[in-house]
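Scroll down for the structure; my scribbles are underneath it.
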Amino acid sequence: MARQIKSPDFEKNNFKIPYFSILGGLFIVILFSILWRPLNLDRTVYVPLTPQVETTVTDNIHFSATDDESVEIVNGKPAVVTESSDIPEDEITKDELDDIVDDKDNSVQYTIVRGDTLHDILLRYNVNRNDIYQLTTKFKQLANLRIGQQISWTTDENHNLQTFNWTISSNNIRIYEKLDGNFIESSEIAEVVPQNVVIKGDIKSSFVADARKSGLTSNEIAIITRALQWRLDFRRLQVGDKFSVVLTREMRGKSLSNSQLLGVRVKNGTKDYYAILADDGKYYDINSNSLSQSFFRYPLAKKARVSSGFNPRRLHPVTGQIAPHNGVDFAVSRGTPVLSVGNGEVVIAKYSGSAGNYIAIRHGRQYMTTYMHLDKILVKPGQQVKQGDKIGLSGNTGRSTGPHLHFELHINNKPVNPLTASLPISEGLTGKSKKAFLSKVKSISSQLEF
Ligand SMILES: [Zn+2]
């Protein structure tokens, strides 16, 4: 039984020297690998543009399922380009909800939530880094964004920032416009009249069509589907289902300048789904449980070296043309288990051109992840997966010159850096904020009666 523990002691005395020399050797290897990593990053073709990104790549990678702190070092060589292309042949099919969530004209409206910084928000939406830098360093007042405030911005097709609006209060808006490459600040003091509206509707054809008919704008429909994205698939709503919504609309003259969703209730069959806005700018159900879902930072059980980082401006090594690297390459040996970073539905699982064996998973309405160059695919299209499920084995298929995993994260159908993007955290409310929230629920849910 437990006697076994004694026997290694006996052996240890006899083999003292090799034991310590192995330990010493290991120490040197570890020391070498620690010193090697930053060096390694500098040598790659894809040098992160800001130091912040670099520290994130090496330090922030954490994985909550297994607490394995080991670092995988592949051959100890500097990073090499392992991919000549990562474009799948198969496009992820979109539906009418995507059209609404997509901001085709590249304008985004965003409500500040706890922990946000302007730099992170704009980075998450893939705004040109130089523009972010220029805006945030020139106008220090932009560090004073408050929870619940609205910001909005427009970009051109190359992600360059064109205009940025900051709604400080309903009648005080700061506007930042780019003129001749520089941002100019102006402010707009306008009479804005907030209106509380309650909108109700029945499903007769589809949620989007019936919501539009009831008077909701595309932007408002997008906010509603986002708020409930982890609880309800709006495509599954059927004739006879109902919805009701409480909004604050800010009217500037006759035009609607801004909407805030205070609460929504959707009846699907016999089930009721609620999303109510709390003081922290996030939505919770009527029992104050979080409506968001957590994600793993990356789809592997162990840390792995990044052989090529996210880079929307990557120059193709051969053609010299801009060929964005829309994901992160992890140097992992063939056969390494690949895990789904969150709950979701498999939308693509097949061999697809230069992407090789390719999986795409949709998580809620706003998030999509893709996994490329796999050796084996272990899931089927249409399959529901849970966070941490083994979906495939990494490999070297498609246009890839060495075993690695190419991983992408898309938010609102735009690729973002999965190592730095701020991901939703699922935490319910507690204490005082829960109390305040529950009293709010009472007054809002009474307006959501059918
Ligand atoms: Zn890649």
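The values are calculated or read from the model by the stated rules, or taken from the named source; none is laboratory data. In this text, all values refer to a predicted model and were calculated from it rather than measured experimentally. Backbone-built Cβ (ideal geometry, glycine too); neighbour counts: all protein chains shown.
Working only within the stretch 118-133, note down all residues that are at pLDDT 90 or above and hydroxyl-bearing (Ser, Thr, Tyr). Within the stretch 118-133, just Tyr133 meets the criteria. Taking the stretch 352-384 as the search range and keeping residues that are away from the ligand (no atom under 16 Å from the Cβ) and touching a helix residue (DSSP H, G or I) at 6+ places or on another chain (Cβ under 7 Å), which one is nearest to Pro403 (Cα to Cα)? Per the criteria, the residue is Gln366. Here is the figure for the stretch 314-328: residues that are away from the ligand (no atom under 11 Å from the Cβ) and assigned to a strand (DSSP E or B) total 2. Within the option set Asn311, Asn412, being within 30 Å of Ile425 (Cα to Cα) and more than 16 Å from the ligand (Cβ to nearest atom) holds for one residue only, Asn412. Scanning the stretch 294-312 finds no residues that are outside the structural domain of Leu277 (by TED's automatic domain parsing), more than 19 Å from Lys386 (Cβ to Cβ), of a type in the set (S, T, N, Q) and surrounded by fewer than 20 Cβ atoms within 10 Å (Cβ to Cβ).
If you check Asn219, Asn182, Asn196, which single one turns out to be surrounded by 13 or more Cβ atoms within 10 Å (Cβ to Cβ) and farther than 20 Å from Asp285 by Cβ? Can you show your working first?
Numbers: Asn182 fails: surrounded by 13 or more Cβ atoms within 10 Å (Cβ to Cβ); Asn196 fails: surrounded by 13 or more Cβ atoms within 10 Å (Cβ to Cβ).
Selected residue: Asn219, the only one of Asn219, Asn182, Asn196 that is surrounded by 13 or more Cβ atoms within 10 Å (Cβ to Cβ) and farther than 20 Å from Asp285 by Cβ.
Asn412 meets the conditions (1) at negative phi; (2) in contact (Cβ under 8 Å) with a residue 60 or more places away in the chain in every case but one. The failed one is (1).
To keep it simple, each residue is scored yes or no on (1) modelled with pLDDT of 95 or more; (2) among the small types (Gly, Ala, Ser).
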| residue | (1), (2) |
| --- | --- |
| Lys376 | yes, no |
| Lys380 | yes, no |
| Lys386 | no, no |
| Ile391 | yes, no |
| Ser400 | no, yes |
| His406 | yes, no |
| Leu409 | yes, no |
| Asn417 | no, no |
| Gly428 | no, yes |
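Taken together, Ala331, Ala349 contain a single residue that is of a type outside the set (Phe, Trp, Tyr) and within 16 Å of the ligand (Cβ to nearest atom), which is Ala331.
Give, as residue ranges, the strands (runs of 3 or more DSSP E) completely inside the stretch 332-450 that count at least 3 residues that are among the hydroxyl-bearing types (Ser, Thr, Tyr) and within 18 Å of the chain's Cα centre (by Cα).
Numbers: elements: 337-339, 344-351, 357-363, 367-377, 390-394, 405-411, 414-416.
Where strands (runs of 3 or more DSSP E) fall fully within the stretch 332-450 and carry at least 3 residues being among the hydroxyl-bearing types (Ser, Thr, Tyr) and within 18 Å of the chain's Cα centre (by Cα), they are 367-377.
For the stretch 194-244, a residue qualifies if it is within 19 Å of Gln109 (Cα to Cα), of a type in the set (Val, Ile, Thr) and not in a helix (DSSP H, G or I), and exactly one does: Thr217.
Of all residues in the stretch 257-289, those being out of contact with any Leu (no Cβ under 8 Å at 6 or more places or on another chain) and part of a strand (DSSP E or B) number 5. Comparison of Val347, Val341, Val318 shows that the only residue that is more than 20 Å from Asp90 (Cα to Cα), in contact (Cβ under 8 Å) with a residue 24 or more places away in the chain and surrounded by fewer than 18 Cβ atoms within 10 Å (Cβ to Cβ) is Val318. Does Leu237 satisfy the condition of being farther than 27 Å from Gln195 by Cα, of a type outside the set (S, T, N, Q) and crowded, with 16+ Cβ neighbours inside 10 Å? The answer is yes for Leu237. Note on the stretch 366-387: among residues that are among the charged types (D, E, K, R) and closer than 22 Å to Val332 by Cβ, the one that is surrounded by the most Cβ atoms within 10 Å (Cβ to Cβ) is Asp375.
Considering only residues that are more than 16 Å from the ligand (Cβ to nearest atom) and part of a loop (DSSP other than H, G, I, E, B), which ones fall in the stretch 290-308? Leu291, Ser292, Gln293, Ser294, Phe295, Phe296, Arg297, Ala301, Lys302 - these are the residues of the stretch 290-308 that are more than 16 Å from the ligand (Cβ to nearest atom) and part of a loop (DSSP other than H, G, I, E, B). Just a yes or no: is a residue in the stretch 294-311 within 30 Å of Glu188 (Cβ to Cβ) and in contact with a Leu (Cβ under 8 Å, 6 or more places away or on another chain)? No, that holds for no residue.
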